[in-house]
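**Q** For reference, the structure I am asking about is given below.
Readers should treat all values here as calculations from the given coordinates under stated rules, not as data from a laboratory. Because the structure is predicted, anything quoted here is derived from the model rather than measured. Neighbour counts run over all protein chains shown; Cβ positions are idealised from the backbone, glycine included.
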Amino acid sequence: MKRIISLLILTIIIVACGTKRTKVDQLEKTVATAQQIKKEIEIPKSSAVQLAADVSFLASDELKGRDTGSKGIARAATYIQNRFIDLEIAPYQGDYMDNFNVRDTDAFNVVGMIPGTDGDLKNEIVVIGAHYDHIGIMKAVAGDSIANGANDNATGTAAVMAIADHLKKIDFNRRTVVFALFSAEEKGLLGSKHLAKRMKDSGENVVAMINFEMIGTPMVDRPYLAYLTGHDGSNMANVFNKANDQLIVTGKLDQAAQFGLFKRSDNYPFFTKFKVPAQTFCTFDFTNFDHYHKVGDEMSEVNSQHMAQVVDAVMPGVLEVVNGNRLKLVSNE
């Protein structure tokens with residue numbers, strides 16, 4: 001009789017555990033592609049108001065252009081860290097601040113993460129990044145000497161935080177996702193070089209890097225929303241376009257190759273260290289923004305509704321990259 005009761009209790013426990021399987025456990029067995037994910041998961045809509053608030057703070061005169069090593073960039077880093085804390089994004093390797101040195105000056109990337117859920121894929125890392133520094137104080141124009149860096153690159157920084165918010169709410173990422181906001185990009189990609197080397201030296205398995213740069217203004221007369229640097233170097237553009245059936249997310253801009261933009265943003269150190277797809281989304285098309293590295297790069301020049309559209313457009317592709325088949329290199333650029 002005792003044995004029958006014990007078996008009955010065990011059966012009840014097993015059934016109860018089965019009914020309490022989490023959403024992640026269920027999705028792990030059924031979701032393989034972005035199209036399936038879209039059926040199972042409602043992707044949150046981006047808030048243009050929050051994006052504008054993030055850009056406005058980072059590009060405010062009080063931060064004095066966020067030059068690396070300045071008090072302004074220290075305030076920017078604290079702001080980003082606090083946003084990660086509010087979003088319940090964990091610090092990377094125990095600390096949000098990734099410290100390094102630039103010409104005897106203390107500098108720091110701000111890095112958060114969401115651990116992966118899949119037994120095998122959680123050891124693969126997708127880095128999503130942007131630089132949050134700018135060039136600081138420059139020669140005054142009409143009494144204004146602050147290079148605020150709203151489009152360059154408070155917009156990319158705000159986009160990364162929005163994506164982190166979405167992924168945290170969705171609560172489904174088989175791979176580990178690292179959110180990296182880089183300092184000293186304007187001094188030669190020094191922050192991303194530091195973090196890429198640190199991750200390589202510690203044996204991290206980075207399988208893709210998705211970067212955002214200057215997404216604050218819509219492109220002019222293009223059928224796609226944003227261009228992708230190093231467009232032909234991997235299948236990233238195809239994956240993002242296939243994942244979103246509402247519009248053409250990304251395309252190829254000839255000027256990007258002409259000016260070597262693939263090698264001029266924070267994607268590039270991850271490409272050189274890990275030899276994986278590592279590319280940048282951008283909407284600056286050389287005709288739609290006149291304030292690059294000028295004092296006029298202020299919040300008034302940024303279209304936060306467009307920024308929200310960019311984030312929403314890339315989210316299905318982001319989900320595909322962190323949950324589906326690995327991206328593939330096609331050729332080196």
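**Q** Find, to one decimal place in angstroms, the Kirkwood hydrodynamic radius of the range 199-250, where the mean of 1/r is taken over every pair of different Cα atoms and then inverted.
**A** Working: mean 1/r = 0.0763 Å⁻¹.
By the Kirkwood definition, the hydrodynamic radius is 13.1 Å.
**Q** Taking the Cβ of each residue in T78, T229, T117 as the centre, tally the other Cβ atoms inside 10 Å and list the residues starting with the fewest. Each step should come with its number before you reach the end.
**A** Details: T78 13, T229 26, T117 19.
By the 10 Å Cβ count, ascending: T78, T117, T229.
**Q** Quick one: check the C-alpha center-to-center distance for the range 245-275 versus the range 120-195, whole angstrom.
**A** Here the answer is 15 Å between Cα centres.
**Q** Using the Cα centre as the reference, give the magnitude of the dipole from point charges on the C-beta atoms of the chain (Lys, Arg: +1; Asp, Glu: -1; all else neutral), rounded to the nearest 20 debye.
**A** Numbers: 36 positive and 40 negative charges, 293 e Å.
Charge dipole of the chain: 1400 debye, to the nearest 20.
**Q** Do the alpha carbons of any pairs in K200/K263; K64/K168; K45/K328; K242/K275; K273/K328; K263/K328 sit beyond 21 Å of each other, and which pairs? Don't jump to the answer; show the numbers that get you there.
**A** On the way: K200/K263 19 Å; K64/K168 32 Å; K45/K328 29 Å; K242/K275 23 Å; K273/K328 16 Å; K263/K328 18 Å.
In this structure, K64/K168; K45/K328; K242/K275 lie more than 21 Å apart at Cα.
**Q** Could you list H231, H131, H293 so that the one with the fewest beta carbons within 10 Å of its beta carbon is first and the one with the most is last? Walk me through the numbers before you get to the answer.
**A** Working: H231 21, H131 30, H293 12.
Going from sparsest to densest Cβ surroundings: H293, H231, H131.
**Q** Give me L195, L329, L225 ranked fewest to most by other Cβ atoms within 10 Å of their Cβ, as a rough exposure proxy. Could you put the intermediate results ahead of the total?
**A** Working: L195 26, L329 16, L225 23.
Fewest-to-most ranking of L195, L329, L225: L329, L225, L195.
**Q** In whole angstrom, and with the biggest value first, how far do the Cα coordinates of the range 31-323 range along each principal axis?
**A** Reported extents, whole Å, longest axis first: 56, 44, 35.
**Q** Could you check which residue among D290, D54, D152 shows the biggest mean-square fluctuation in a GNM of the chain with a 10 Å Cα cutoff?
**A** Answer for the Gaussian network model of the chain: D290.
**Q** How much length is gained on full extension from T78 to N99, taking 0.36 nm per residue of separation minus their Cα-Cα distance? It would help to have the intermediate numbers written out before the result.
**A** Working: separation 21, 0.36 × 21 = 7.56 nm, distance 1.34 nm.
Extending this stretch completely gives an extra 6.2 nm.
**Q** What do you get when you divide the Cα radius of gyration of the range 69-228 by 2.2 N^0.38 Å, with N the number of residues? Intermediate results must be reported in sequence, preceding the final value.
**A** Working: Rg = 16.4 Å, N = 160, 2.2 N^0.38 = 15.1 Å.
In units of the globular-protein estimate, the range 69-228 measures up at 1.09.
**Q** Ratio to report: Rg/Rh of the range 174-333, with Cα atoms as the point set and Rh obtained by the Kirkwood method; give two decimals. Mind dumping the intermediate values first?
**A** Numbers: Rg = 15.4 Å, Rh = 16.2 Å.
That ratio is 0.95, to two decimals.
**Q** Through the Karplus equation 6.51 cos²θ - 1.76 cosθ + 1.60, θ set to phi - 60°, convert the phi angles of the range 130-140 into ³J(HN,Hα) values in whole Hz; use x for Gly and Pro.
**A** For the range 130-140, the Karplus-derived couplings read 6, 8, 10, 7, 9, 9, x, 9, 9, 4, 5 Hz, x marking Gly and Pro.
**Q** Further question on the same structure: What spacing in nm lies between the two simple spin-label points modelled at D106 and R222, each 7 Å away from Cα in the Cβ direction?
**A** 3.9 nm
**Q** If you average the sequence gap of Cα pairs under 8 Å that are 6 or more apart and divide by the length of the range 31-323, what percent do you get for the contact order? Please report the intermediate quantities before stating the final value.
**A** Details: 627 pairs, mean separation 71.8, N = 293.
Reported as a whole number, the value is 25 percent.
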